[in-house]
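Notes for the one structure printed next.
The values are calculated or read from the model by the stated rules, or taken from the named source; none is laboratory data. Only a predicted model underlies this, so the values are computations on that prediction, with no experimental measurement involved. Counting neighbours? That spans all protein chains shown, and the Cβs are built from the backbone with ideal geometry, glycine included.
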Amino acid sequence: MRENTTTITLDQLPIGEHARIIEISGGKNMTRKMMGLGLKVGSEVDVIHRRGHGVVVGRNGNRIAIGGGISSRLLMQRLPDKPAQ
């Protein structure tokens, strides 16, 4: 199990990474948009797919596509890998 808990933006995380949102920089409208997608500070996600700076993340069995402009504004904390279920 990895113990690396550094912070990084979502667009920089590799596929397969498990991380928690620790900051949404972009104002109230962006925070509202993220909440509408089910993402808020404290949400944990898995990086499923990447294309350029765009990212597809998984959360609670759902996939959410996030463009590069937004993914570069989400500050993430890397978490240890989730245990196998």
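Annotations
- Positions within region 22-34 being surrounded by fewer than 15 Cβ atoms within 10 Å (Cβ to Cβ) and part of a loop (DSSP other than H, G, I, E, B), in sequence order: SER25
- Counted residues, region 37-66 - those being at pLDDT 95 or above and of a type in the set (Gly, Ala, Ser): 4
- Selection from region 1-56 of residues that are hydrophobic (A, V, I, L, M, F, W, C) and free of Cβ contacts under 8 Å to residues at least 24 places away in the same chain: MET35, VAL41, VAL56
To keep it simple, each residue is scored yes or no on (1) of a type in the set (Ser, Thr, Tyr); (2) under 12 Å from the mean Cα position of the chain (by Cα); (3) farther than 13 Å from GLN12 by Cα; (4) surrounded by 15 or more Cβ atoms within 10 Å (Cβ to Cβ).
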| residue | (1), (2), (3), (4) |
| --- | --- |
| GLY36 | no, no, yes, no |
| LEU39 | no, yes, yes, yes |
| HIS49 | no, yes, no, no |
| VAL55 | no, yes, no, yes |
| GLY61 | no, no, yes, no |
| ILE64 | no, yes, yes, yes |
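- Residues in region 6-18 that are out of contact with any Ser or Thr (no Cβ under 9 Å at 6 or more places or on another chain) and outside any loop (DSSP other than H, G, I, E, B): THR7, ILE8, HIS18.
- Filtered by the rule that a residue be among the β-branched types (Val, Ile, Thr) and assigned to a strand (DSSP E or B), region 37-85 gives VAL45, VAL47, ILE48, VAL55, VAL56, VAL57, ILE64, ILE66.
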